[in-house]
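The values are calculated or read from the model by the stated rules, or taken from the named source; none is laboratory data. For clarity, every value in this text was computed on a predicted model and none was experimentally measured. Cβ placement follows ideal geometry from the backbone for every residue including glycine, while neighbour counts extend to all protein chains displayed.
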Amino acid sequence: MAIKPSALNEPTKKEKKKAKGTSSPEEEIKKSQEIIQTEEAYRRGMVSVRDLIAPSSLQINPYHLRLGNKYLRTIFVTTFPRYVSVGWFVSIINFNAYTDISLFFYPIEAKIILKQLQKQVGNLQAEISTDREKGMPRDPIKETALQDIEQLRDNLTTGVEHFFQHALYVTIYAETEKELDTLTEKMESLFASKLVKTRRAFYQSEQGFNSTLPIAQDELMVLVNMNSSPCASSFPFISSDLTSDRGVLYGINRHNNSLVLFDRFSMPNANFVVFATSGSGKSYFCKLEVLRSLMQGTDVIIIDPEKEYKHLSDAVGGTYVDISLSSKSKVNPFDLPRSRSEEVESTDLIRSGVITAKGLLKIMIGHHLEHGGRGFTPQEDSLIDRALLETYAKKDIVPGCDLSQVEMPVMSDLQDVLSGMEGGSDLAERLKKYTEGTFSGFLNHYTNVKMDNQLVVFSVRDLEDELRPLAVYTIINYIWNVVRSEMKKRILLIDEAWWLMQHEDSAKFIFALVKRCRKYYLGVTTITQDVNDFLQSPYGRAIVTNSALQLLLKQSPAAIDSVVKTFILTEGEKYLLLECGLGEGIFFAGSKHVAIKVVASYSEDQLITSDPEQMLEIEEAKKEFAEREEK
């Protein structure tokens with residue numbers, strides 16, 4: 001029988017069913033399994049966050065846990081003492097090792113606790129009464145417990161206190177098992193010193209580790225009954241820390257070995273005061289800050305009374321200006337800011353220059369008045385004021401003039417003006433010492449000092465003691481004029497500032513500088529070892545108040561009471577300052593303060609050391625190197 005070609009192409013019933021999209025349940029299940037297997041195979045080839053953060057291995061032992069290359073052990077608190085002080089937890093948080101700490105608080109309804117306390121009160125009262133009837137001696141433990149329970153009942157009833165079950169766990173990390181044992185013993189000793197009893201998680205290493213993970217899961221459930229006051233004493237966020245994202249490294253935080261890293265220009269003002277006894281490391285600290293500030297791009301100006309900064313200046317290519325009677329470097333006290341700013345009128349600058357020059361003249365030629373300071377009589381004051389205005393006017397420095405195009409007067413010009421004024425001859429005669437006499441090479445010249453370097457140091461070591469306050473006053477005035485002429489990030493460091501506190505006018509000038517410098521992006525560092533002289537001056541105390549940063553290094557017993565009163569120190573901080581070692585002290589930044597240890601690298605130490613023996617070794621090494629180079 002012949003078959004039609006069309007019949008060969010006709011689909012079967014099974015194929016028709018398939019074409020309609022229907023299939024048997026077995027086939028559907030098979031397809032689903034294939035899809036699931038494919039999905040699983042795909043996921044096995046993917047890397048998840050869990051894969052990235054998970055350790056390579058986990059080994060559980062009865063006494064500890066091994067997580068990758070680290071050894072871990074968890075300890076938990078079982079008993080607290082009757083009294084715990086606020087901040088007892090600081091030493092645990094600041095423990096010098098990697099730790100994970102978990103605190104769990106489970107609130108309990110007051111009515112449940114009150115019932116139990118009522119039963120305990122009844123039992124204790126009955127026992128105390130029985131003991132009395134039997135004539136037994138009083139038991140202070142039972143009486144104290146009764147008082148505590150009664151007080152707790154009152155506080156719970158009035159809502160002053162709440163009741164919790166508290167769990168505290170600490171997991172310690174170490175590189176080796178031996179180190180883990182050592183750190184665990186130290187941690188247990190810290191707890192024991194606070195009369196807090198702890199135990200190690202034995203055969204519960206994994207549960208202890210899980211309980212200190214940041215997933216709020218308590219698998220140990222070792223709970224201690226506590227009311228809210230002692231619970232609050234365990235508040236964990238009390239670690240002393242003074243670190244920012246940018247700034248200068250000042251030293252190591254002695255509380256927890258963190259870095260004291262700070263940007264002084266991020267504070268409301270960038271002023272700094274440093275108080276210390278001689279040889280306690282204040283110059284070392286300041287040189288270190290100068291060196292690190294230079295690396296941050298900050299300009300630094302230093303007034304150096306003992307030629308301590310010469311080595312540092314030479315090393316970094318700074319400008320070292322030696323101010324003395326015979327030196328070539330001169331600073332004119334009559335200089336005014338060469339301001340190009342239209343905001344500051346020349347009238348204000350002239351008036352400011354007159355006030356500053358008058359303050360200098362009071363120190364130079366003023367009388368010793370009854371109150372112990374230098375000054376002028378009202379007639380002399382008026383005469384000097386008119387003479388200064390006329391001295392500037394003779395050089396065409398009048399209101400409205402362009403100060404960048406005029407020549408400044410010198411001391412001889414003032415003497416000439418006073419000589420020609422009625423009643424001014426006596427003042428002119430007193431000035432002759434500075435214009436024609438012994439000190440004529442000091443303040444009677446035009447300024448020839450350049451301030452175009454990142455580091456500029458003014459040395460006044462070779463000046464007589466009588467002239468040092470005058471020199472420092474004049475130099476600071478000159479620096480202030482430069483600062484006002486061009487705004488730039490700068491630090492001005494004044495060493496041995498107590499000289500300026502001896503005279504009211506110079507102290508007032510420094511105080512005004514400290515108050516106003518923030519507007520010109522300037523931070524003033526004031527250093528002194530004569531703390532009493534500085535703090536007894538009202539301007540000295542005001543300078544401290546207007547300095548956002550303060551450093552107290554080792555103090556003498558004679559000055560410690562003034563320091564404690566000024567900085568509101570505790571007894572512990574007082575003894576720290578009396579007994580601390582070289583380069584150790586307390587660093588204040590605004591409302592925060594920490595115990596600090598100043599540290600430097602070997603290279604920095606070679607540049608900034610003030611130790612005479614070390615300096616001599618460096619000089620000898622330089623000579624040997626120079627001799628080898630010549631050969």
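For the stretch 253-264, how many residues are surrounded by 17 or more Cβ atoms within 10 Å (Cβ to Cβ) and closer than 25 Å to K519 by Cα?
Summing the residues that are surrounded by 17 or more Cβ atoms within 10 Å (Cβ to Cβ) and closer than 25 Å to K519 by Cα in the stretch 253-264 gives 2.
Residue check: is F265 in a loop (DSSP other than H, G, I, E, B) and touching a residue at least 12 places away in the same chain (Cβ under 8 Å)?
So F265 does not fit the description; no.
List pairs: first residue in the stretch 205-217 and under 13 Å from I75 (Cα atoms), second residue of a type in the set (S, T, N, Q) and assigned to a loop (DSSP other than H, G, I, E, B) anywhere in the structure, Cβ distance under 8 angstrom, at least six positions apart or on different chains.
Going by the 8 Å Cβ cut-off, the qualifying pairs are S205/N61; N210/Q217; S211/Q217.
Working only within the stretch 408-424, note down all residues that are modelled with pLDDT under 85 and either more than 17 Å from T435 (Cβ to Cβ) or under 46 Å from the mean Cα position of the chain (by Cα) (or both).
E422, G423
Of the residues that make up the stretch 139-156, is at least one assigned to a loop (DSSP other than H, G, I, E, B), touching an Asp or Glu at 6+ places or on another chain (Cβ under 9 Å), more than 30 Å from T74 (Cβ to Cβ) and in the same structural domain as K70 (by TED's automatic domain parsing)?
Yes.
For P399, which of the numbered conditions (1) surrounded by 15 or more Cβ atoms within 10 Å (Cβ to Cβ); (2) more than 27 Å from L522 (Cα to Cα); (3) in contact with a Ser or Thr (Cβ under 8 Å, 6 or more places away or on another chain) fails to hold?
Unmet condition: (1).
Could you name every one of the strands (runs of 3 or more DSSP E) located completely within the stretch 22-128 that has at least 3 residues being more than 29 Å from F235 (Cα to Cα)?
Here the list reads 58-60.
Quick check on the stretch 313-328: of everything there that is touching a helix residue (DSSP H, G or I) at 6+ places or on another chain (Cβ under 8 Å) and either without any contact (Cβ under 8 Å) to a residue 60 or more places away in the chain or not polar (S, T, N, Q) (or both), which residue is surrounded by the most Cβ atoms within 10 Å (Cβ to Cβ)?
I323
Mind listing just one residue for me: the one in the stretch 142-179 that is of a type in the set (F, W, Y) and under 38 Å from the mean Cα position of the chain (by Cα) and, of those, farthest from S228 (Cα to Cα)?
Y173
Take the residues in the stretch 485-518 that are among the β-branched types (V, I, T) and not in a helix (DSSP H, G or I), then tell me which one is nearest to L294 (Cα to Cα).
It comes out as I491.
Among the residues of the stretch 484-505, is any more than 29 Å from the chain's Cα centre (by Cα), buried (at least 21 other Cβ atoms within 10 Å of the Cβ) and acidic (D, E)?
Yes, that holds for at least one residue.
The rows are residues; the columns are (1) buried (at least 17 other Cβ atoms within 10 Å of the Cβ); (2) more than 19 Å from the chain's Cα centre (by Cα); (3) assigned by TED's automatic domain parsing to the domain that holds I586.
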site: S283; (1), (2), (3): yes, no, yes
site: D299; (1), (2), (3): yes, yes, yes
site: H311; (1), (2), (3): yes, yes, yes
site: K358; (1), (2), (3): yes, yes, no
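Filter the stretch 211-230 for residues that are in a helix (DSSP H, G or I) and either small (G, A, S) or surrounded by fewer than 18 Cβ atoms within 10 Å (Cβ to Cβ) (or both); which is nearest to the chain's Cα centre (by Cα)?
The first filter runs over the stretch 211-230 and keeps only residues in a helix (DSSP H, G or I), leaving 211, 228-230.
Filter once more, so that each one left must be either small (G, A, S) or surrounded by fewer than 18 Cβ atoms within 10 Å (Cβ to Cβ) (or both): 211, 228-229.
Numbers: S211: 35, S228: 33, S229: 31 Å.
Restricting to residues being in a helix (DSSP H, G or I) and either small (G, A, S) or surrounded by fewer than 18 Cβ atoms within 10 Å (Cβ to Cβ) (or both), the top hit is S229.
Within the stretch 171-206, how many residues are surrounded by fewer than 17 Cβ atoms within 10 Å (Cβ to Cβ) and polar (S, T, N, Q)?
Here the count works out to 4.
Could you tell me whether the stretch 275-284 includes any residue that is modelled with pLDDT under 85 and over 25 Å from A542 (Cα atoms)?
yes
Go through the stretch 411-441 and count every residue that is assigned to a loop (DSSP other than H, G, I, E, B) and surrounded by 14 or more Cβ atoms within 10 Å (Cβ to Cβ).
We begin by selecting, within the stretch 411-441, every residue assigned to a loop (DSSP other than H, G, I, E, B); these are 420-424, 436-439.
Of the ones still in play, those that are also surrounded by 14 or more Cβ atoms within 10 Å (Cβ to Cβ) are 421, 424, 439.
Of the residues in that region, 3 qualify.
Just one of the numbered conditions (1) at pLDDT below 85; (2) under 29 Å from the mean Cα position of the chain (by Cα) is not true of D462; which one?
Every listed condition holds for D462 apart from (2).
Looking at the stretch 36-80, which of the residues that are surrounded by fewer than 10 Cβ atoms within 10 Å (Cβ to Cβ) and small (G, A, S) is nearest to E185 (Cα to Cα)?
So the residue we want is S57.
Does N271 meet the test of being within 24 Å of Q529 (Cα to Cα) and either surrounded by 15 or more Cβ atoms within 10 Å (Cβ to Cβ) or at pLDDT 85 or above (or both)?
Considered against the rule, which asks whether it is within 24 Å of Q529 (Cα to Cα) and either surrounded by 15 or more Cβ atoms within 10 Å (Cβ to Cβ) or at pLDDT 85 or above (or both), N271 comes out as yes.
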